[in-house]
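Everything on this sheet refers to the single structure shown next.
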Amino acid sequence: MSLFAVENAELLALVPGLAEELDTHFTELRAFLLEQHNEDGTHITDDPTTDVASASVAYVTVGNTSSLSAERALVGTANEIDITDGGANGNVSVGLANEPNVATALTLGGVAGSATAARVFTKKVTGIGDNTATDVLTVTVPNANHAATIRLLFLSSNGGSDAFESSRTATGAVVVARVTGLNAVATAATLTHEAIATVAAGATHTLAYGVSAISGAVGAVNTFTVQVTINDSGNTASNQVVVFAEVLNAEASGVTVA
């Protein structure tokens, strides 16, 4: 029985059927009032499919979604482009990726190792012992016809008790050749543009570089390293070098450096 019927029992007794009729009207009125509102008075959200394109239309999304059938996921490229999803009401950020122990790597003219592509990056190596050839870069050469050059800019400094008393710069280059089914050949150019800066009464050091022997069979991937030697005149503590490298390939699936 409705609240109206309880409070107006005497009136309803005088008019047969009035209670049922009023209940029907109140029910219809309540339905009308709630048509665009919830019972607490808040507005009902519009139909989520209104003005929304079909799930089969091409979408660009941050990731694949099971409810869509033709979406194109926006993804990054390993060691090149990072895609970061900031979440609901956030932003999608696109930026250059950082490789392990490599700050700011950039590839021009295509992906790393593609024909006529140039890859530019910097790398820092610490803990270099006195007068000890130390690997600073690893070069990978697939089993194919290849021509490549690696341009190098070195910045070295001494460590230990003489840390940062002198800084040396020099430029070098390594040229690589390979024919399918033969071992790669790598040759290091003579250092040029050499200069050293030394604080008053500070210790000096020398810098040399070269390439290691080629590793790998004639029918397989070959690798070799670019090595740096820092002679700090007997101070065997940690020296360091920062190298700026630019790799230029002539052929596809080319030489890569890390």
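The values are calculated or read from the model by the stated rules, or taken from the named source; none is laboratory data. Note that the structure is predicted; figures quoted are calculated from it, not measured. Note that each Cβ is placed from the backbone with ideal geometry, even for glycine, and that neighbours are counted across all protein chains shown. The protein model used for the area step is the full one, side chains on, heavy atoms only, and it has no ligands, DNA or RNA in it. Shrake-Rupley method; radii C 1.70, N 1.55, O 1.52, S 1.80 Å.
Take Ala147, project a point 7 Å from its Cα along the Cβ direction, then tell me which residues of segment 232-255 have their backbone nitrogen under 18 Å from it.
Within reach of a label on Ala147, which here means backbone N under 18 Å from a point 7 Å along Cα→Cβ, segment 232-255 contributes 247-255.
For segment 201-257, with every protein chain kept in place, what is the accessible area per residue (1.4 Å probe, Å²)?
Numbers: 2330 Å² over 57 residues.
For segment 201-257, the per-residue accessible area is 41 Å².
With label points built 7 Å along Cα→Cβ from the Cα atoms of Phe244 and Thr206, find their separation and express it in nm.
2.6 nm
Could I have the simple spin-label model distance between Asn89 and Glu20, label points 7 Å from Cα toward Cβ, reported in nm to one decimal?
So the label points at Asn89 and Glu20 sit 5.2 nm apart.
In debye to the nearest 20, how big a dipole does segment 126-220 give about its Cα centre with +1 on each Lys and Arg Cβ and -1 on each Asp and Glu Cβ?
Dipole of segment 126-220, to the nearest 20 debye: 400 debye.
What FRET efficiency, computed as 1/(1 + (r/R0)^6) with R0 = 45 Å and r the Cβ-Cβ distance, is obtained for Ala258 and Val199, rounded to the nearest 0.05?
Values: r = 34 Å, r/R0 = 0.75.
With R0 = 45 Å, the Cβ-Cβ based efficiency is 0.85.
In whole Hz, what ³J(HN,Hα) sequence does segment 247-258 give by Karplus (6.51, -1.76, 1.60; θ = phi - 60°), x for Gly and Pro?
10, 10, 10, 8, 10, 5, 6, x, 6, 10, 9, 9
Roughly to the nearest percent, how much of the accessible area of segment 129-258 is carbon and sulfur, given a 1.4 Å probe?
Using a 1.4 Å probe with all protein chains present, segment 129-258 comes out at 59 percent carbon and sulfur.
Hey, with R₀ at 41 Å, roughly what FRET efficiency would Leu74 and Phe164 work out to, going by the Cβ-Cβ distance, to 0.05?
That pair, Leu74 with Phe164, gives E of 0.40.
Given H placed on each backbone N at 1.01 Å, which residues far from Val62 in sequence or on other chains put an amide H within less than 5 Å of it?
Leu74
Under a 5 Å amide H to amide H cut-off, with H placed in plane at 1.01 Å, what residues pair with Thr225 once short-range neighbours are removed?
Those lying under 5 Å, H to H, from Thr225 are Val139, Ser212.
Counting only heavy atoms of protein chains, what accessible area per residue, in Å², does segment 140-186 have with a probe of 1.4 Å? Before the final figure, lay out the partial values.
Details: 1930 Å² over 47 residues.
So segment 140-186 comes to 41 Å² accessible per residue, rounded to a whole number.
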